Structure formats: structure tokens, C-alpha cells
Amino acid sequence: MDENALREQFNDQGYVKLQDFLGTNVVAQARSAMEELVDHHAQQLVSSGKIASEMQEEPFETRFFRLYEHHLEEAPKSFRRELHLAGLFDLFFNPALLDVVEVLIGPEIRLYPNYTARPKLPEWKGTEVLWHQDGGYTERGSGAKEGVETQRMVNVWSPLVPARVANGCMQFVPGTHKLGTVPHESREYYLEIARESLDPYVQSAIDVELDPGDVVLFQNLLFHRGQPNHSDSIRWSFDWRYQDARQPTLRKEEGHIARSRGNPDSAVTSAGEWARLTFR
């Protein structure tokens, strides 16, 4: 897809899907990083006496769920501060991906302080993300006034396992980013777009099915959700955001510079450096 077509689709529909974009090594390293985290949780659960076995024989697609199967309310719904792992550098700071992001928001790129790994567990509402705009969370969390939004941002989503309707792939409502920020209401686990703002558009929702190595880039104000996981395995995925580094984050955290044409030395440049940094 050439640059003009990329911009046109991103600005018109609110998203761009890039198939088989990440290399197999990037996916393998990211998966290995998540396996490290799962090992850590298994050890903690055994040490606390909550389970008898670390279940090392379980495959990646089911192990985390089996570990917490009888303690679901204690299961992490996501990982964020734990993601400063060397194996994730090539995911978050992928040069080819940053090239695409630069086309969309310019040469000063911040890894926004909202990078997350999500194990969507089977048939559990705790990991079922409701219809929302990411901008709805930003405003509520920052105390920003009506109409103030974080602009020039690109959201990225990529799975570690095939994401299908059955295991809770995402849905988008194309074009809804043009509506601006709409009202959101608090639910048990997440915010949800108010019904009067959602109902006129939700019938136009599309399923976003992806394979490992695929990425989808989408607008910060696009209506989107993660569907319920009706399978018997975990839908592992990553979501992260890039922002024009010349703008404020509207959060207490400042994030990390992923690319800077004006000040290249300010960017994170190696897996070792990423692993030494912290969520900030």
C-alpha cells in the first residue's frame, strides 16, 4: 500500500490492516516473553499453595487459563508494567512499523504509556473489552475538558494466536472516529460507549480477524471492542499506541521516544535499553 492510499484509508475508514507484516522472529520473541510471565505466575501460585502444579505440560494457548481456572478473579486481565522485556523490543520499536506510523503522524514518535498484553480468557467477562474509544479513557483519566482529545495518535493491535470471531477477535465500526469523543459510562470492568451514541452505528460493525504477524492500525477515536471468547483457549494479543511526541500524553506518565528525527539520541535503540527502563 503506497503512502497516499495508507493515509486515505486511515483517515476515511479509521483503520488499516497490514497482513503478515511482522517477521516470524518478532512474533516468536514476543511469545517467548509472554511465556516468561506465565512461568512467573505459575511459580507464584504454587508457592502460595493455590495450585499443586506449574502445569508446564499445558500449551501456551491454554496454560495461563488453567493456572487461574479456579481463581479467575485473581487472574490479571492485562500486563503493562511487566512488558519491559528484551523480547518485546522488536515488537514495540519495529523499524518497518515506525516507518508506517511516521507516514501517519510525523517523524517525532512516542511509544505512548499504554502498551498492553492481554490474555483474553475463555468465557470470562473480566477480559471482555466493551465498545469504547481509547480517547474516552484518556479524557476521563486526565480530567481533560469537553472536546479536548489526544490527537495524532496511532493505535496498534496484533495477536499471538489466530484471532477469530470464536475466540474474541476485535470489532470496529468504520468511520466512527469522525464523530469526535462520545460519552462513555462505567461498567463492572471497563468503560462502554453510552447506548444513545452507540446504537445508531453498531449495526455497521465489522470483525477484525488476524493471524500472528498481522497488525491493524486504527484511530484513537474509532469505536471498537473485543468480542467474547467462546473458545476453550486464550486469545493472547498486544495493543499499543504511538503518539506525536510533540504533544502531551494527558497522563502522569510520559512514555518513551520510539523515533526522533530531530533528536535521535532521545529514542530507545536496543533491547537491552528497553529491558532496563520502566513504565513511566
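Which of the residues belonging to the stretch 210-238 are in a loop (DSSP other than H, G, I, E, B) and either under 17 Å from Trp131 (Cα atoms) or at pLDDT below 95 (or both)? Scanning the stretch 210-238 gives Asn220, Leu221, Leu222, Gln227, Pro228, Asn229. Of the residues making up the stretch 184-203, those that are open to solvent by 60 Å² or more (accessible area, probe 1.4 Å), in a loop (DSSP other than H, G, I, E, B) and within 25 Å of Arg118 (Cα to Cα) are Arg187, Glu188, Tyr189. Exactly one residue among Ala33, Ala28, Ala42 is without any contact (Cβ under 8 Å) to a residue 60 or more places away in the chain, open to solvent by 30 Å² or more (accessible area, probe 1.4 Å) and in a helix (DSSP H, G or I), and that residue is Ala28. Taking (1) hydrophobic (A, V, I, L, M, F, W, C); (2) more than 24 Å from Ala42 (Cβ to Cβ); (3) open to solvent by 30 Å² or more (accessible area, probe 1.4 Å); (4) modelled with pLDDT under 95 in turn, Leu72 satisfies each apart from (2). Restricting the first member to the stretch 239-266 and to residues that are touching a residue at least 60 places away in the same chain (Cβ under 8 Å) and in a loop (DSSP other than H, G, I, E, B), and the second to residues that are open to solvent by less than 50 Å² (accessible area, probe 1.4 Å) and among the aliphatic types (A, V, I, L, M), the beta-carbon pairs closer than 9 Å and six or more apart or on different chains are Ala245/Ile109; Ala245/Ile257; Ala245/Ala258; Gln247/Met153; Leu250/Ala144; Gly255/Leu111; Gly255/Ala245. Taken over the stretch 240-280, the residue count meeting the criterion of being within 22 Å of Ser78 (Cα to Cα), of a type in the set (Asp, Glu) and open to solvent by less than 10 Å² (accessible area, probe 1.4 Å) is 0.
The values are calculated or read from the model by the stated rules, or taken from the named source; none is laboratory data. These numbers were taken from a predicted model, which means no experiment stands behind them. Note: ideal-geometry Cβ built from the backbone for every residue, glycine included; neighbour counts use all protein chains shown. Only protein heavy atoms, including side chains, enter the accessible area calculation; ligands, DNA and RNA are left aside. Shrake-Rupley method; radii C 1.70, N 1.55, O 1.52, S 1.80 Å.
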